[in-house]
Amino acid sequence: MNEVKKPKQPLIFYYLLAVVAIILFNSLIAPMLFSPKVTEVDYSEFMRMTEDKQVKEVMVEDNQILFTDGNGSFFKTGLMDDKDLTQRLYASGAKFSSQIVEQMSPLLSLLISWVLPLIVMIALGQLVSKKLLEKAGGGAGSMMFGMGKSNAKIYVKSTSGIKFDDVAGEDEAKEILSEIVDFLHNPKKYEEIGAKMPKGALLVGPPGTGKTLLAKAVAGEANVPFFSISGSEFVEMFVGMGAAKVRDLFKQANEKAPCIVFIDEVDAIGGKRDGRIGGNDEREQTLNQLLTEMDGFDGSKGVVILAATNRPESLDPALLRPGRFDRRVPVELPDLAGREAILKVHAKNVQTQKNIDYAAVARAASGASGAELANIVNEAALRAVRDGRRLVTQADLEESVEVIIAGYQKKNRVMSDKEKMVVAYHEIGHALVAAKQSESAPVHKITIIPRTSGALGYTMQVEEGEHFLLTKEELENKIATLTGGRAAEALIFGQITTGASNDIEQATRLARAMITRYGMSSEFGMVAMEQLTNQYLGGDTTLACSAETANRIDEVVRSLIAAQYEKAYSILQENAQPLHTLAKYLYEHETITGEEFMDILHRTQAQIAAAPAQA
Ligand code: ADP
Ligand code: ZN
C-alpha cells in the first residue's frame, strides 16, 4: 500500500524549537534591543566632563567607570589609578549610583523576554500550519499543533493494495469478511431489503496469524481508505485525551466514508471495566467514548470498524453486544494446507529452484504462524545469499524451519561424547514410546545438533492430520511419550539429567487439563476446576476450587504422570534392543528421519523375532 503519511512532527519538536528560539532571543537580540547605547570616551574626556560638572550619575566598577550626562546619554571609560577621583566627583556634584543603567520593571522584562517570543512563535506556527492546510487540501494542518488529536494514519487507497489473494489460508475468515467488502461495494443492495451491516467485526486469534493483513485486504478489495490505529495509542497520560482521540478518529472516518477503521490490539482500551477503586479512569473514558461513537454513527454510510485482539476474553462485554463488534472472525493458526499456501505466497517474492516440495516444509513447520512462515522463507533466502547461491533450495527452507523454531545451529559448540549419547537416548526414548503406542512413524526428523535456543536435541513431530478431538487414551499416550525421554535416561544410564524439564512441564499441563478441564478423572468427574484465561497467548489457567480439592488434584496429577512414566519405562525395557540400535544410529549420524527410524525399528524387531527361531 502506498501509505501517505502526514508531514507531522511530534509535538515535542515544536516545544524544543520554541525553547531554543527564546534562549537565542534572550541572549542575543534582547540585549541589543533593550540595553541603552553606551558611548566609550577616553579618560581625559571624563576628567573634562567632571570638571565641567557634566557628570550626573557615576558608578565605578572593577575595570571601568560608567556615567551619564544630564541628557540621558550613557558613557564609559577605563579605570585609572586616580587617587582623588572620588573627591573631585563629589565636588562636581555627581551622584554615586550602584545601578546606573536603568532597569526595566521585572514584570515588563519578563513580558518582553519570554511572552513576546512565545506569541511570535505561535503566530508563526499558525501561519505555517495554515499554509500546509491549504496545500494539503484541508485536514492535514490541523494536526500540527492539535493536542489530543488522533494519530490515526491515513492510508490512501492505492491501486497496488493488498487483496484477499495475498492472505493465504484463513478461508473462513475471508468468507465472513467478503460480505463486508460486498457491502462497501454496493450498500444499496442491503439497504433495499432493510438489512443493516454489522458496524464492527472483531478479528480474534494468536499473534502473527494475519489479522492486520486481513483488515488491509478488506480495504484493498473494497478499494476504500484504510485508517489504522493501535489500541495502545489511545492510552494517554491525561484523562480525556484518549477520548478526544477516539472522537477525532471517528470524525475523520466519517468524512472519508466509505472506509475501514482498523483498531489493532483493541484489548488495550477495551478491557473489562471492573469498577475497582483506583481503576484506570482514562482507559474507561476512552472505552466509553468508543462505545458512544460506535452507537452514534450511521452504519449505512459505510464506515466499518475492524478490531484485532488475541485476548478476546478480557474484552468488556459492552463492546461485543449487537451493534458494536458483534461479528467475531476467528483467525487461527494455519493448518497443513494453510501453511503450504502461505509459504507459496511468500515464496513468490524470492527466487527459488523449480519443484520445491512446499508440503514437506509445511509439514516440518507444524504450529508455525503466518508471520513465522513468512520469516522462514526470508531466512531461507538469506541462507542462499550467505552461501553465494542465486536460488533458494529445498534444503534452505528446511534448515530455516529449524532456525525459526529452534534457533541457529551452534557450529562450535561441542557436546561431550557422554552428553551426546545421553541426548540421543533421550530423544529416541520419546520417539520409541510414541511409535510403539501408535505403530506409526511418530517423528518427521530428530537431530541432536545443539541450537542457539538452548535445545540440545530437536524433534519434529509428524503432523497428526486434522485432529480436533482427542480421546482420553490419546492424551495418556501423549503423556507417556513426554516421559519417554527421562525413562530412557533412567533405564540406560541409571541416572537422570536436567534435559527433561520442558517435557515435564508439558506433561504436567496435559495431565492437569485432563483432570480439571476435560473431566477425565473418575474421582472428580465432569467438574470444571480450572478456567483457561489466555487461550491465544500461552494458555494460562486460573484455579476455581477449594484448597482441599486443589491438594487432591495435585495428587491425582502426580499419580497419572507416574503411571504413564511406568508404562513408558516398560515399553523401553521391552524394546531395549531397538532403543540401543536407534540411539547408536542417531549418535553417529546426528540426524534421523522418520522413515529411517521406522526402517531400523522394523529391522531390529524382525531380527529379534528371527533369533530364537534360529537358536
Ligand atoms: P497479526 O496482526 O495477526 O499479529 P499480521 O497480519 O501483522 O499478524 O501478520 C504479520 C505478517 O505475517 C504479515 O505481514 C504477512 O507477511 C505474514 N502473514 C501472516 N498470516 C498470513 C497469511 N495468512 N498469508 C500470508 N501472509 C501471512
Ligand atoms: Zn525430551
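Around LEU203, which amide H atoms from residues at least 5 apart in sequence, or from another chain, sit under 5 Å from its own amide H, with H modelled in the peptide plane?
ALA307, ALA308, THR309, VAL329
Grab the eigenvalues of the alpha-carbon gyration tensor for region 497-608, scale each by 5, take roots, and send me the semi-axes largest first in whole angstrom.
Gyration-tensor ellipsoid for region 497-608: 37, 17, 12 Å.
Taking only protein heavy atoms into account and a 1.4 Å probe, give the accessible area per residue of region 336-404 in Å². Each step should come with its number before you reach the end.
Details: 3300 Å² over 69 residues.
Per residue, region 336-404 has 48 Å² of solvent-accessible surface.
Over region 495-613, with every protein chain in place, what whole percent of the accessible area is carbon and sulfur at 1.4 Å, could you tell me?
Result for region 495-613: 53 percent of the exposed heavy-atom area is carbon or sulfur.
Based on the alpha-carbon set only, what is the convex hull volume of region 37-96 divided per residue, in Å³?
Hull volume normalised by residue count: 72 Å³.
Please compute the alpha carbon radius of gyration of region 417-611, then divide it by the globular-protein estimate 2.2 N^0.38 Å. Two decimals is fine.
1.10
Can you give me the orientation-averaged projected area of the convex hull built on the Cα atoms of region 336-404, in nm²?
Mean shadow area of the hull around the Cα atoms is 3.8 nm².
Output ³J(HN,Hα) for region 46-60: one whole-Hz value per residue in order, computed from phi by the Karplus curve 6.51 cos²θ - 1.76 cosθ + 1.60 with θ = phi - 60°, and x for Gly and Pro.
With the stated coefficients, region 46-60 comes to 4, 5, 4, 5, 4, 4, 7, 6, 8, 7, 9, 10, 9, 9, 9 Hz.
Kindly flag which residue pairs out of LYS188/LYS301; LYS420/LYS584; LYS174/LYS256; LYS174/LYS348; LYS163/LYS245; LYS256/LYS301 have an alpha-carbon separation exceeding 19 Å in this structure.
On the way: LYS188/LYS301 11 Å; LYS420/LYS584 10 Å; LYS174/LYS256 24 Å; LYS174/LYS348 21 Å; LYS163/LYS245 29 Å; LYS256/LYS301 10 Å.
Violating the 19 Å limit, Cα to Cα: LYS174/LYS256; LYS174/LYS348; LYS163/LYS245.
May I ask you to list the trypsin sites (Lys or Arg not before Pro) in region 296-365 that are in a DSSP loop and have at most 12 other Cβ atoms within 10 Å of their Cβ?
Those satisfying the criteria are LYS348, LYS354.
Run down the aspartates and glutamates and flag those whose C-alpha is under 18 Å from the C-alpha of LYS567, throwing out any fewer than 8 positions away in its chain.
Here the aspartates and glutamates satisfying the reach criterion relative to LYS567 are GLU427, GLU439, GLU473, GLU474, GLU476, GLU489, ASP503.
Provide the per-residue ³J(HN,Hα) series for region 205-221, in order, calculated from phi with Karplus coefficients 6.51, -1.76, 1.60 and θ = phi - 60°, each as a whole number of Hz, with x at glycine and proline positions.
x, x, x, x, 9, x, 5, 4, 4, 4, 4, 5, 5, 4, 5, x, 5
For a quick check: with amide H placed at 1.01 Å from N, whose amide H comes under 5 Å from SER228's, ignoring anything fewer than 5 positions away on the same chain?
Excluding prolines and chain starts, which carry no amide H, the hits are LYS153, TYR155, PHE262.
The values are calculated or read from the model by the stated rules, or taken from the named source; none is laboratory data. Given the structure is predicted, the values throughout are model-derived calculations rather than measurements. When we count neighbours, we look across all protein chains shown, and the Cβ atoms used for this are built from the backbone with ideal geometry, even at glycine. SASA here: full protein model, heavy atoms, side chains in, ligands and nucleic acids out. Shrake-Rupley method; radii C 1.70, N 1.55, O 1.52, S 1.80 Å.
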